[in-house]
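**Student:** There's a structure below that I have some questions on.
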Amino acid sequence: MHSAPYRVKVGLATCGIASGAAKVYSALEQALQGTDVRLERTGCIGMCYCEPLVEVIAPGGESYMYGKVTPEDVPRLVEEHLKQGKPVRELLIMGEGAETDDYSFLQGQHRILLKNCGHIDPEDIESYMAVGGYEGLKKALTSMTPEEVIEEIKRSGLRGRGGAGFPTHAKWSFTRQAPGKQKYIVCNADEGDPGAFMDRSILEGDPHSVLEGMLIAGYAIGANTGYIYIRAEYPLAIRRLKVAIQQAQERGFLGERILGTDYSMQIIIREGAGAFVCGEETALLMSIEGKRGMPRFRPPFPAQKGLFGHPTSINNVETFANVPRILHQGAAAYNTLGTEESKGTKVFALAGKVRRGGLVEIPMGTTINEIVFNIGGGISTGKPFKAVQTGGPSGGCIPAELGDTPVDYESLKKIGAIMGSGGLLVMDEETCMVDVAKYFLTFTKEESCGKCTFCRAGTYQMHKILERITEGKGREEDIDTLEELAEKIKAGSLCGLGQTAPNPVLTTIKYFRKEYDAHVKEKYCPAKKCKALIEYRIDPEVCTGCTLCARQCPAGAISGEKKEAHEIDQSTCIRCGLCINSCKYQAITVISEPRVTA
Amino acid sequence: METNIKTDLKNLAAENPVFAIKEIVRRHSMQRGAAIPILQDIQNTFGYVSKEMMQRAAEFSGIPVGELYSIVTFYAQFRLEPIGKNLIQVCHGTACHLAGAEKITESLQFETKAQAGGTSPDGLFTVEKVACLGCCSLAPVMTLNEETHGRLTPDKVKKIIKEKRRQAEEEKSAGKGASQDA
Ligand SMILES: Cc1cc2nc3c(=O)[nH]c(=O)nc-3n(C[C@H](O)[C@H](O)[C@H](O)COP(=O)(O)O)c2cc1C
Ligand code: FES
């Protein structure tokens, strides 16, 4: 028998659970009963494309990562690997004997922030402390003045990860210097970009690092109360935060007279209520105060007049998670990473048409191509790479030709996109860029709080034009009108929502003008996505008359005798595409052809 | 622990809805800006927030009912109508949109007979469109009650709905059996 026992870790973040990780965990729990194997749960390992993930750590410390594990695989894993010491090769994606190229997913990354995610048990404070957790706080409270903490953050070069990249030390320093005894620290965990999940993964996988960051920030600015504003769509993250708060209190890291000093802090969780605009800092504060989340004019900035009228520093989840590392390891170690203007690393939620989607942490300055190809493994559909979208509804589409652009605040801004909070969506040739622009405008139009006329009416107008274009009713002048509207909305909006809402439209026009022209002038959709411009057709040679599609069609548009070729009536077809999925013989195709209009 | 509190309130609500609201208000009485958490708890307990519930909450908390109403209409999370037995939230975030969320919603509408944003005539399903559920690598994604389903296809949707219908049938006949026994 071996001296130290095997350890087995299962990634139990939302994405893992959605892929069935909880079932795998239970199966392992049963199978391992009575053995000395240690079964542990952990957060998101980051390789979401391979979930559920199970890591086996051998007595000698070697790690073996298994991907796409099902409960049915468990008996083999236990028998062959844990009992006989022979790794199960077919399931192995990383570690000695693995035959896949999945190791390159991690090789291109530089994980300092995600170091704990997928390694420690997020519901056990000991697990966090064993890897240096709360050392940063100890150092700050026992050996540094608040000013020194701020100075250290300044030296690290840390900039806000919530999107705008504002220097964190400056925000803290303003809040510290603002007159008033009562001050607040607020964590923005609203993660509004609809295609991003880094903040969720950090909160689910390493919640204490965010609490520790808030505690250090609170000490630096002189706040005794902190709020975490988190979106309600993240129930697991909320639960783990509550557990973490409780444990930190029991350990004396949170509450009265922390670590025996006279610094006290309480942290309160507030759930969002489904309004994107509440990610904006002034709206967020209104929401915590129990009102409608409407942004207000700045100045005064929250650092002067924030929550309940008191000086407040609002920072993003990832920004806070950086703080303990900086304090613990020192600013000098931190700022060796990244570029001149953008220090450290950035976490991205890599998704879309990419082979290996997941949680990715790269040093600032890594290029888009490196992320998409080296880490992401290229395009999942095998079709050519077309674009990436960063920054969600506030960001832009970057075409494949600009794939050499380094990812940092300034470079992305220069090409019309933004760093954003970390959503990175990969698009292939089958993505219609006009449809993407319309998608984002649908979103911003609905999420505009309605306070500024240009934002409210302007986004509505832009959306209407985009809708017209995708319906094949676009007019020659439409693209110019879109550009004019964009400028007006940018200039006439109070908050970032309106100021940035036109970005997806502007960048797609700039880089994919041809596609707009195809829709407007030739009335066709090159990517075959826009419903009004496509047709579904059944190939009579291939159709066997199995009637499956006819039964699936919600519009009753498909007719034909049994065992004879079927036909789609184009005038009743609603182009939902359900028939394509139902056909076993691939007899149905979608087409879009240029039409010359008078 | 958390779920215990929830079932707690739910049991209370089944017995005495007005008292449940009073209890919710009481639990938040020490908080500043409690209006939203109060309304959230009411919705978690009852599944929606009706005008009468707001009236009661206003009475107990002293927050003007107009203020509560303005919050409920501003935030997308709040529902003014009761929901069906099963709540389905289809993600229409960017990743899911690219992966064909529209098709998933279409097939859900077809299978459940509920329109997006509404409840099926048999009261079994409510279908809602939401933004990102944070599982973008598994797009397209939906949640059914508390459970997340990823890498959806119209076929998978069909199976999931069928299974739920079967469960509902079973419960119904089991329920009938029980009431006959009594
Ligand atoms: C419409 C809108 C939505 C926003 N959503 C978020 C969000 O979901 N998360 C976030 O951290 N910041 C968001 N921000 C940015 C915040 O206003 C704020 O700048 C940020 O929380 C500051 O944190 P940082 O300094 O750490 O970056 C949003 C801004 C706007 C205008
Ligand atoms: S876009 Fe659907 S889960 Fe993120």
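The values are calculated or read from the model by the stated rules, or taken from the named source; none is laboratory data. Worth saying up front: this structure is predicted, and the values here are computed from it rather than measured. A quick note on method: Cβ atoms are made from the backbone with ideal geometry, for glycine too, and the neighbour counts reach across all protein chains shown. Surface accessibility is based on the protein's heavy atoms, side chains included, excluding ligands, DNA and RNA. Shrake-Rupley method; radii C 1.70, N 1.55, O 1.52, S 1.80 Å.
**Student:** Check off (1) within 16 Å of ligand 1 (Cβ to nearest atom); (2) over 21 Å from the mean Cα position of the chain (by Cα); (3) surrounded by fewer than 19 Cβ atoms within 10 Å (Cβ to Cβ) for B:T94 and give me the number that stays unchecked.
**Tutor:** Of everything listed in (1) within 16 Å of ligand 1 (Cβ to nearest atom); (2) over 21 Å from the mean Cα position of the chain (by Cα); (3) surrounded by fewer than 19 Cβ atoms within 10 Å (Cβ to Cβ), B:T94 misses just condition (3).
**Student:** Here is a follow-up. Among the residues that make up segment A:69-88, is at least one of them open to solvent by 40 Å² or more (accessible area, probe 1.4 Å) and polar (S, T, N, Q)?
**Tutor:** yes
**Student:** Oh, and also: In segment A:202-226, which residues are touching a Leu at 6+ places or on another chain (Cβ under 9 Å) and open to solvent by 10 Å² or more (accessible area, probe 1.4 Å)?
**Tutor:** Across segment A:202-226, the qualifying residues are A:Y219, A:T225.
**Student:** State all residues of segment A:307-329 that are within 14 Å of chain B (Cβ to nearest Cβ), more than 12 Å from ligand 1 (Cβ to nearest atom) and surrounded by 24 or more Cβ atoms within 10 Å (Cβ to Cβ); if no residue qualifies, say none.
**Tutor:** Once the filter is applied, which keeps residues that are within 14 Å of chain B (Cβ to nearest Cβ), more than 12 Å from ligand 1 (Cβ to nearest atom) and surrounded by 24 or more Cβ atoms within 10 Å (Cβ to Cβ), segment A:307-329 yields only A:L307.
**Student:** So which residues in segment B:45-59 are buried (at least 16 other Cβ atoms within 10 Å of the Cβ) and either in a helix (DSSP H, G or I) or within 13 Å of chain A (Cβ to nearest Cβ) (or both)?
**Tutor:** Residues satisfying the conditions are B:T45, B:F46, B:V49, B:M53, B:M54, B:R56, B:A57, B:A58.
**Student:** Could you grab me the full set of residues in segment A:412-458 that are touching an Asp or Glu at 6+ places or on another chain (Cβ under 9 Å), part of a helix (DSSP H, G or I) and away from chain B (no Cβ under 13 Å)?
**Tutor:** A:V434 - this is the single residue of segment A:412-458 that is touching an Asp or Glu at 6+ places or on another chain (Cβ under 9 Å), part of a helix (DSSP H, G or I) and away from chain B (no Cβ under 13 Å).
**Student:** Please specify each residue of segment A:261-284 satisfying the condition of being near ligand 1 (Cβ under 8 Å from one of its atoms) and open to solvent by 10 Å² or more (accessible area, probe 1.4 Å).
**Tutor:** A:F276, A:G279, A:E280, A:E281
**Student:** Taking the condition of being among the basic types (K, R) and either open to solvent by less than 40 Å² (accessible area, probe 1.4 Å) or under 17 Å from the mean Cα position of the chain (by Cα) (or both), how many residues in segment B:121-153 meet it?
**Tutor:** 1
**Student:** Kindly indicate whether B:G118 is open to solvent by less than 40 Å² (accessible area, probe 1.4 Å) and more than 14 Å from chain A (Cβ to nearest Cβ).
**Tutor:** Considered against the rule, which asks whether it is open to solvent by less than 40 Å² (accessible area, probe 1.4 Å) and more than 14 Å from chain A (Cβ to nearest Cβ), B:G118 comes out as yes.
**Student:** So in segment A:29-71, with the set limited to residues that are in a loop (DSSP other than H, G, I, E, B) and among the hydroxyl-bearing types (S, T, Y), which one is nearest to the chain's Cα centre (by Cα)?
**Tutor:** Out of the qualifying residues, it is A:T70.
**Student:** Can you spot a residue in segment A:149-172 that is open to solvent by less than 10 Å² (accessible area, probe 1.4 Å), aromatic (F, W, Y) and on the phi < 0 side of the Ramachandran plot?
**Tutor:** yes
**Student:** Considering only segment A:93-101, I want to know if a residue exists there that is under 27 Å from the mean Cα position of the chain (by Cα), under 29 Å from A:R240 (Cα atoms) and in contact (Cβ under 8 Å) with a residue 40 or more places away in the chain.
**Tutor:** The answer is yes; a qualifying residue exists.
**Student:** In segment A:464-564, which helices (runs of 4 or more DSSP H) lie fully inside it and hold 1 or more residues that are β-branched (V, I, T)?
**Tutor:** A:478-492, A:496-500, A:503-511, A:513-521
**Student:** Looking at segment B:118-133, can you tell me whether even one residue there is out of contact with any strand residue (DSSP E or B) (no Cβ under 8 Å at 6 or more places or on another chain), in the same structural domain as B:E169 (by TED's automatic domain parsing) and within 13 Å of ligand 2 (Cβ to nearest atom)?
**Tutor:** No, segment B:118-133 has no match at all.
**Student:** Go through segment B:13-25 and give me each residue that's part of a helix (DSSP H, G or I) and without any contact (Cβ under 8 Å) to a residue 12 or more places away in the chain.
**Tutor:** Matches in segment B:13-25: B:A14, B:E15, B:F19.
**Student:** Report yes if some residue within segment A:168-181 is more than 16 Å from ligand 2 (Cβ to nearest atom), in contact with a strand residue (DSSP E or B) (Cβ under 8 Å, 6 or more places away or on another chain) and either modelled with pLDDT under 95 or among the small types (G, A, S) (or both); otherwise report no.
**Tutor:** No, the conditions are met nowhere in segment A:168-181.
**Student:** Considering (1) within 16 Å of ligand 2 (Cβ to nearest atom); (2) open to solvent by less than 10 Å² (accessible area, probe 1.4 Å); (3) over 20 Å from A:G133 (Cβ atoms), say which one A:D199 fails and leave the rest.
**Tutor:** (3)
**Student:** Let me ask another. Taking the residues in segment A:140-192 that are over 26 Å from A:V277 (Cβ atoms) and among the β-branched types (V, I, T) as candidates, determine which candidate is farthest from ligand 1 (Cβ to nearest atom).
**Tutor:** A:T142
**Student:** Now for a separate question. Of these, A:I465, A:I489, which one is more than 23 Å from A:N188 (Cα to Cα) and either touching a Pro at 6+ places or on another chain (Cβ under 7 Å) or among the charged types (D, E, K, R) (or both)? I'd like the intermediate steps shown before the answer.
**Tutor:** Values: A:I465 fails: either touching a Pro at 6+ places or on another chain (Cβ under 7 Å) or among the charged types (D, E, K, R) (or both).
None of the other options fit; the residue is A:I489.
**Student:** When segment A:251-282 is examined, which residues are found to be within 14 Å of chain B (Cβ to nearest Cβ) and in a helix (DSSP H, G or I)?
**Tutor:** A:F276, A:V277, A:C278, A:G279
**Student:** Which residue is most open to solvent (accessible area, probe 1.4 Å), if the candidates are limited to segment A:530-557 and must be of a type in the set (K, R) and at pLDDT below 95?
**Tutor:** A:R551
**Student:** Right, another one. Out of all the residues in segment A:14-24, is one or more touching a Phe, Trp or Tyr at 6+ places or on another chain (Cβ under 9 Å), buried (at least 19 other Cβ atoms within 10 Å of the Cβ) and more than 11 Å from chain B (Cβ to nearest Cβ)?
**Tutor:** Within segment A:14-24, none of the residues are touching a Phe, Trp or Tyr at 6+ places or on another chain (Cβ under 9 Å), buried (at least 19 other Cβ atoms within 10 Å of the Cβ) and more than 11 Å from chain B (Cβ to nearest Cβ).
**Student:** Next up: I'm trying to understand the selection: among the residues of segment B:142-158, which are within 15 Å of A:G357 (Cα to Cα) and either within 16 Å of ligand 1 (Cβ to nearest atom) or at the interface with another protein chain (Cβ under 7 Å from one of its Cβ atoms) (or both)?
**Tutor:** Within segment B:142-158, just B:G150 meets the criteria.
**Student:** So, one more: State the number of residues belonging to segment B:77-106 that are within 12 Å of chain A (Cβ to nearest Cβ) and either within 16 Å of ligand 2 (Cβ to nearest atom) or touching a strand residue (DSSP E or B) at 6+ places or on another chain (Cβ under 8 Å) (or both).
**Tutor:** Here is the first cut: in segment B:77-106, the residues within 12 Å of chain A (Cβ to nearest Cβ) are B:77-79, B:89, B:91-106.
With either within 16 Å of ligand 2 (Cβ to nearest atom) or touching a strand residue (DSSP E or B) at 6+ places or on another chain (Cβ under 8 Å) (or both) added as a condition, the list becomes B:89, B:91-105.
Qualifying residue count for the region: 16.
**Student:** Every residue in segment A:470-498 that is free of Cβ contacts under 8 Å to residues at least 60 places away in the same chain and within 16 Å of ligand 1 (Cβ to nearest atom), please.
**Tutor:** A:I489, A:K490, A:A491, A:G492, A:S493, A:G498
**Student:** Report, ordered by the first and then the second residue, all pairs with beta carbons closer than 8 Å, sequence separation of six or more or different chains, a first member in segment A:381-402 that is more than 14 Å from chain B (Cβ to nearest Cβ), and a second member that is assigned to a strand (DSSP E or B) and away from ligand 2 (no atom under 16 Å from the Cβ).
**Tutor:** Taking only residues 6 or more apart or on different chains, the pairs are A:P384/A:D428; A:I398/A:A387; A:P399/A:K386; A:P399/A:A387; A:A400/A:F385; A:A400/A:K386; A:A400/A:A387.
**Student:** May I pose another question? Is there a residue being away from ligand 2 (no atom under 16 Å from the Cβ), within 14 Å of another protein chain (Cβ to nearest Cβ) and outside any helix (DSSP H, G or I) anywhere in segment A:330-342?
**Tutor:** no
**Student:** Under 30 Å from A:E55 (Cα atoms), more than 16 Å from ligand 2 (Cβ to nearest atom) and open to solvent by less than 30 Å² (accessible area, probe 1.4 Å): is that true of A:N116 in this structure?
**Tutor:** Values: under 30 Å from A:E55 (Cα atoms): yes; more than 16 Å from ligand 2 (Cβ to nearest atom): yes; open to solvent by less than 30 Å² (accessible area, probe 1.4 Å): yes.
Considered against the rule, which asks whether it is under 30 Å from A:E55 (Cα atoms), more than 16 Å from ligand 2 (Cβ to nearest atom) and open to solvent by less than 30 Å² (accessible area, probe 1.4 Å), A:N116 comes out as yes.
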